[in-house]
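Structure record follows, encoded as structure tokens.
The values are calculated or read from the model by the stated rules, or taken from the named source; none is laboratory data. Quick caveat: nothing in here was measured; it's all calculated off a predicted structure. We place every Cβ from the backbone using ideal geometry, glycine too, and count neighbours over all the protein chains shown. In case anyone asks, the SASA skips ligands and DNA or RNA and just uses the protein heavy atoms, side chains included. Shrake-Rupley method; radii C 1.70, N 1.55, O 1.52, S 1.80 Å.
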Amino acid sequence: MKEYLGMTLNEFIIRRQSDFKYATGELSRLLSHIGVAAKIVNREVNKAGLVDILGDYGTVNTQGEAQQKLDVYADAQFMQALRASGEVCGIASEEEDNIVTWDNVLSKDGKYIVCIDPLDGSSNIDVNVSIGTIFSIYRRISERGHKAEEKDFLQEGIKQVAGGYVIYGSSTMMVYTTGRGVNGFTLDPSIGEFCLSHPDIRTPESGTLYSVNEGYYKRFDQGIKDYIKYAQEIDKQTNRPYKARYIGSLVADFHRNLLKGGIYIYPRTESAPEGKLRLLYEANPLAFIVEQAGGMAVNGGDRILDLKPNDLHQRTPLIIGSTNMVNKVVEFLENE
Ligand code: AHM
Ligand code: MG
């Protein structure tokens, strides 16, 4: 994979596609369309402080949260790019109540569906903290030639053909997997291209970072409380105490832990028994990536990728990161 270093996203996608004898190129085209939309969103995110684009849009999304202007902008950009791609027959977005489909021959013939959180961590937009886009691609199960149906979106995460995210941070990166390892591309602003900078990402089996909103400590199950206390104990052999790192922007917290080794926990709480994060467009794509990088993702008892969704905006507890750390949390939950 080292020989691909510096290659643009498009070159990489084409090169990898030609490794597949029977690949038709549709998924490759779709991934490059996502890359183009990400660049456009990135341009707006970068100048967010300069123009009148910050702040409340004055509407609420399907979960009753105030939408930011950039959320709406990002949603519109990805919708447009995915529709134009012709490979997609429908989209489920955090910003849309229902699935979005189109009544034209090209779209109805699309082979794939996309689940997307166009701009995650939107409460961080106004304060210049890293935010992200998270996406997941599935092959449709309904018949081609017709509009996508809800059942196309309610597939287990294990059926994903690709999962990825874009982080708009100190630099902008796109990280994705198609089930053959995880690769990261950094946007080179001088040429306007994502270039392969992190080939074949592997996450450490054990890390020293733990990320959880400890403000909700009193609302957590005993097992999670016990793990937090364990993380804070002094033990040279296991490098404890671990360092607490919580940005409150899932992509940024996940990305750091993926590269450095660590665990991100958004458990169920007394007031949110299903947790906060969404299965289809937050937990599943990140779970696919972490597993491909050698890590683990569970909801407490079960593997995230095995969960059968029954709702587009279904929430799930999420415990994700370095394998040894995730297993330790599971052990605490089993013994509570
Ligand atoms: P959002 O999709 O409304 O932006 O919410 C998801 C965000 C994640 O990015 C982040 O990890 C989490 O919510 C933070 O939640 P909390 O403020 O409860 O810790
Ligand atoms: Mg979100």
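Computed quantities for the displayed model
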read-out	value
Enumeration of residues in region 87-127 that are surrounded by fewer than 24 Cβ atoms within 10 Å (Cβ to Cβ), of a type outside the set (D, E, K, R), over 20 Å from the mean Cα position of the chain (by Cα) and part of a loop (DSSP other than H, G, I, E, B)	Thr101, Trp102, Asn104
Listing of strands (runs of 3 or more DSSP E) fully contained in region 248-329 that carry 3 or more residues being at pLDDT 95 or above, touching a Gly at 6+ places or on another chain (Cβ under 8 Å) and within 11 Å of ligand 1 (Cβ to nearest atom)	none
Close pairs (7 angstrom Cβ cut-off, 6 or more residues apart or separate chains): more than 23 Å from Arg256 (Cβ to Cβ) in region 209-238, modelled with pLDDT under 95 and of a type in the set (Gly, Ala, Ser) anywhere	Arg219/Ser271
Every residue from region 222-271 that is within 16 Å of ligand 2 (Cβ to nearest atom) and on the phi < 0 side of the Ramachandran plot	Tyr246, Ile247, Ser249, Leu250, Val251, Ala252, Asp253, Phe254, His255, Tyr264, Tyr266
Residue in region 156-163 that is buried (at least 22 other Cβ atoms within 10 Å of the Cβ), within 16 Å of ligand 2 (Cβ to nearest atom), at pLDDT 95 or above and under 23 Å from Asn10 (Cα atoms) present	yes
Hits in region 39-55 (condition: open to solvent by 20 Å² or more (accessible area, probe 1.4 Å), modelled with pLDDT under 75 and not hydrophobic (A, V, I, L, M, F, W, C))	Gly49, Asp52
Hits in region 123-155 (condition: among the hydroxyl-bearing types (Ser, Thr, Tyr) and away from ligand 2 (no atom under 16 Å from the Cβ))	Tyr138, Ser142
Candidate set from region 1-21 (those that are open to solvent by 80 Å² or more (accessible area, probe 1.4 Å) and not in a loop (DSSP other than H, G, I, E, B)); member that is modelled with the highest pLDDT	Glu11
Cβ pairs under 7 Å, 6+ apart, first in region 276-288 and in the same structural domain as Pro317 (by TED's automatic domain parsing) and farther than 9 Å from Gln314 by Cβ, second in a helix (DSSP H, G or I) and within 10 Å of ligand 2 (Cβ to nearest atom)	Leu277/Leu250; Glu282/Leu250
Selected residue (only one of Leu27, Leu70, Leu31, Leu82 is open to solvent by less than 20 Å² (accessible area, probe 1.4 Å), part of a helix (DSSP H, G or I), modelled with pLDDT under 90 and not acidic (Asp, Glu))	Leu70
Residue list for region 198-252, filter: open to solvent by less than 40 Å² (accessible area, probe 1.4 Å) and aliphatic (A, V, I, L, M)	Ile201, Leu209, Val212, Ile224, Ile228, Ala231, Leu250, Val251, Ala252
Residues satisfying the stated conditions in region 285-336, i.e. open to solvent by 20 Å² or more (accessible area, probe 1.4 Å) and among the β-branched types (Val, Ile, Thr)	Thr323, Val330
Pairs, first touching a residue at least 12 places away in the same chain (Cβ under 8 Å) in region 117-131, second open to solvent by 50 Å² or more (accessible area, probe 1.4 Å) and more than 7 Å from ligand 2 (Cβ to nearest atom), C-beta under 6 Å, six or more apart	Asp126/Leu54
